[in-house]
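Step one of this worksheet: look at the structure below.
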Amino acid sequence: MYFSITGFSYLFLSFALGYFNYRTFKYWQKEKTIVSKLWFFISLLAFLFAFFRAIAGLFFFDNPSILKTSIIINSIIQILALSVISYFNFYIKFSSRLLPWLGFCSVFILGLISTFLIIFIPFSPFLEPSGSINWGLSSSSFIVLLTFALKYFLFLIVFIPLIIINYQQFKNASDVFLKRRALTFIIFGVFIIVISMLDFFVISVFKTNSIWRDLAIVIATFFLLIALFSNKEKN
């Protein structure tokens, strides 16, 4: 099979996140609040991550050097997205203007460390017979385990509070539209945690077939689209 299923799965995801970004842009234009502005930037960075991963997977799956470079670029986008989400979490939970920037900077610094470590990881990406891209990592390498542990730690400390915040809004909101919007953000957060776990540990460390990551992306994207379209009428 001489085409990349990984590229197509991320392309499908980029369409969904592009629509998500459009919806958050309209939300920002309507509400004109810092919360709506932050959601717009979060969704924009998520879209850029999926889009660049799709381009690399579709057109450069047979070029290891470009794939390695794309991993570093996507890591930087991830850092920015996680930092903005951390800012959002602190902004919602605390009234102080200083704390949101503390949340942003702490995640950003740890993210820079993880990206710096990525530079020294010996990637040997290749296309599996299934059509999925395998990053060709050594699961016994200490630097690989350290980098992925740090990455996943950042995902957990950022997305778990985000899910809790939106769950509280979902539980307390009386308006159906607000409940659906909160549910959309919950699904977005859960989907990111699951996909990152598959990519960081299940695929790279435990050496399972990479096709499971791509199938998970497609399935999660369907759920995200269903959640987005279910509350379309009031936007």
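Applying 1/(1 + (r/R0)^6) with R0 = 22 Å to the Cβ-Cβ distance of Phe153 and Leu225 gives a FRET efficiency near 0.15.
When semi-axes √(5λ) of the Cα gyration tensor in Å is calculated for this entry, the matching label among (1) 41, 24, 13; (2) 31, 21, 15; (3) 34, 20, 15 is (2).
At 222 nm, what value in deg cm²/dmol follows for the chain if DSSP H runs of at least 4 each add -39500 (n - 2.57) and the sum is divided by all its residues, to the nearest 500?
Numbers: 7 runs with 178 residues, N = 235.
When only DSSP H runs of four or more count, the value is -27000 deg cm²/dmol.
Sorted fewest first by neighbouring Cβ atoms within 10 angstrom, Trp39, Trp28 come out as Trp28, Trp39.
By other beta-carbon atoms within 10 Å, ranking Asp62, Asp175 with the fewest at the front produces Asp175, Asp62.
Read the figures in this text as sums done on the coordinates, not as results from a lab. As the structure is a prediction and not an experimental result, all values here were calculated from the model. Glycine gets a Cβ as well: all are built from the backbone with ideal geometry, and neighbour counts include every protein chain shown.
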